[in-house]
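**Q** Next up is a structure, given as C-alpha cells.
Quick note: the coordinates plus some simple rules give every number you see, no bench work behind them. These numbers come from a predicted model, not from an experiment.
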Amino acid sequence: MSTPNAYVHRRLSTTRLVFAMTAMLCSPAFAQDPNTHFEMQVRPLLAKNCWGCHRQTSLGGLRMDSRDAMLKGGKSGPAIIPKNAVGSLIIKAVTHEHERLKMPPSGKLSDVDVEILKSWIDSGAYWPEETKT
C-alpha cells in the first residue's frame, strides 16, 4: 500500500526528471546539428508566436521570416545579435524585460521557449538556406 509520502516522493522524482530532460533538450550541447535544432524547435516557436504579425505584415517594420530580416530588424533595431542572446532585442521582448516591447502580446514566452531562443542565438542563430524554385 502506498503512503502519501511515497506518492509525493514519486511525484517530485517525476517532476525533477521532466525538468532535467527539458534542460538537456534545450542545451546547445544536445542540439549539435543546427539544422535539426532550428527545424524542430526554433522554426515552430517563431511560427506559433511571431509570424502572425512579423511575416508579411511586418508589424513595427520587423520581419522575422529570415535570418537577414531579423539581423536588419525593424524600427527598434536588430531583433537578434548572433552569439549574444542577452543583448538581443527579441529576448528582452519575449521575457517582457524591455521597457515598451512586450511580445507576444498574449503574454511572455515560457522559460523553455526563451531558453530555445537563447540557445539558438548564442550558437550563432543558424537559419537554413532557402531553396530557390
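**Q** Considering amide H positions built from the backbone, and no H for Pro or chain starts, which residues 5 or more places from residue 74, or on another chain, come under 5 Å of its amide H?
**A** 79
**Q** Mind checking the full-extension length gain between residue 102 and residue 84? Use 0.36 nm per residue of separation minus the Cα-Cα distance, one decimal, nm.
**A** Values: separation 18, 0.36 × 18 = 6.48 nm, distance 1.95 nm.
Taking 0.36 nm per residue and subtracting the Cα distance, the gain is 4.5 nm.
**Q** Could you go through the range 122-129 in sequence order and give the Karplus-derived ³J(HN,Hα) for each residue, using 6.51 cos²θ - 1.76 cosθ + 1.60 with θ = phi - 60°, rounded to whole Hz, and x for Gly and Pro?
**A** 5, 8, x, 6, 4, 9, x, 5
**Q** What percentage of all Cα-Cα pairs in the range 33-133 are separated by more than 21 Å? Provide the component values of the computation, followed by the final result.
**A** Working: 1224 of 5050 pairs.
The share of Cα pairs beyond 21 Å in the range 33-133 comes to 24 percent.
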